[in-house]
1. Tally the residues that are touching a Pro at 6+ places or on another chain (Cβ under 9 Å) and in a strand (DSSP E or B), restricting the search to region 127-148.
2. What single numbered condition from (1) within 23 Å of V39 (Cβ to Cβ); (2) surrounded by fewer than 21 Cβ atoms within 10 Å (Cβ to Cβ); (3) modelled with pLDDT of 95 or more fails to hold for L146?
3. Is it the case that region 254-262 has a residue that's at pLDDT below 95 and either within 17 Å of D69 (Cβ to Cβ) or in contact with a Cys (Cβ under 6 Å, 6 or more places away or on another chain) (or both)?
4. So which residues in region 24-46 are small (G, A, S) and crowded, with 20+ Cβ neighbours inside 10 Å, if there are any at all?
5. Mind listing just one residue for me: the one in region 47-70 that is part of a strand (DSSP E or B) and among the β-branched types (V, I, T) and, of those, surrounded by the most Cβ atoms within 10 Å (Cβ to Cβ)?
6. Starting from region 170-190, take each residue that is at positive phi and in contact (Cβ under 8 Å) with a residue 40 or more places away in the chain and list its partners that are crowded, with 18+ Cβ neighbours inside 10 Å and part of a helix (DSSP H, G or I), counting only C-beta distances under 8 angstrom and pairs at least six apart or across chains.
7. Among the residues that make up region 231-247, is at least one of them outside any helix (DSSP H, G or I) and without any contact (Cβ under 8 Å) to a residue 12 or more places away in the chain?
Amino acid sequence: MSAQSQSPTVRTFTAGAAPQAPIGIFDSGLGGLSVLRAVRAQLPDEAILYVADSLYAPYGERDDDFIADRTLAIGEWLMGQGAKALVVACNTATAQSIALVREKLPIPLIGVEPGIKPAALQSKSRVAGVLATQATLRSARFQGLLERYAADCRFLCQPGHGLVQAVERCDVGSAELRALLRSYLEPMLDAGADTLVLGCTHYPFLDAAIRDIVGDRLALIDTSVAIARQLERVLAQHGLRTAPGAGALLPRFYSTDDGLHQQQLAASLLRIEAAVEQVRIPSRRTAGPDSRAA
């Protein structure tokens, strides 16, 4: 689990959220569905609102100000829908804007970060690969993780150009995708890596394709289960757990795009058949007529 989500700092929240209020989960697109899957398994009685900012995905190719602007706007929107806690299920958004958003929003907030610490603990060859977006890899938060936990472990950091876009269009196994993954993974294997950090929440949906290429030669590090456990601890700490046996409804899905791929991915990989509501969530950087390319 990431260092930031295990911070010992305790804040007192006075937003008045009720335990039966929903949890908000947000990602730049569909990758956060891997976190939603883990949260539902860990906290089956909790209601969930999931927002995909797919109109502006991928965040990994956006500038830092744009990422922070969208993260804050969507967090505020979810609060307006009654969310009692927010999970920023996006490594890029966490890396670039978590401190700002945590200061602005009066509800508990859980972010995600690449699993550098567990990879450093697990690797026997002392060489590990990291697949993440360019924005995550360049962030000060990521560099701080390397400084804290990678003292005697060599990390091979590879931007996963094209991987988020593939998942966003529900491509998790085409020949083209496998060729792209092979170009990223084979140099890691050649360098002696025995561990691979999935540094973007989109990437767990590529697990089968990665396994077909690397077999058992790389142990995959996915922090979604640890995120769900941290969320459980934070909710309990603030008296925000829904009573056991409440029997939550299916998650409510929202998208800033048409939501078609989100509905397809939820059905095929999560076995959740649910409609996706298209929503407009304005922000400072997306207020203009050409905001999609902002």
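1. 4
2. (1)
3. Yes, region 254-262 has at least one match.
4. Matches in region 24-46: G24, S28, G29, G31, G32, S34, A38.
5. Ranking the qualifying residues of region 47-70, first place goes to V51.
6. Listed pairs, sorted by first residue: C170/H261; C170/L265.
7. No.
Let's see how each residue does on (1) in contact with a Lys or Arg (Cβ under 9 Å, 6 or more places away or on another chain); (2) of a type in the set (F, W, Y); (3) at pLDDT below 95:
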{"position": "D45", "(1), (2), (3)": "yes, no, yes"}
{"position": "Y59", "(1), (2), (3)": "yes, yes, yes"}
{"position": "F66", "(1), (2), (3)": "yes, yes, no"}
{"position": "M79", "(1), (2), (3)": "no, no, no"}
{"position": "G82", "(1), (2), (3)": "no, no, no"}
{"position": "S97", "(1), (2), (3)": "yes, no, yes"}
{"position": "V101", "(1), (2), (3)": "no, no, yes"}
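The values are calculated or read from the model by the stated rules, or taken from the named source; none is laboratory data. Note that the coordinates shown come from a computational prediction; the quantities given were computed from them, not determined experimentally. All Cβ positions, glycine included, derive from the backbone under ideal geometry; neighbour counts span all protein chains shown.
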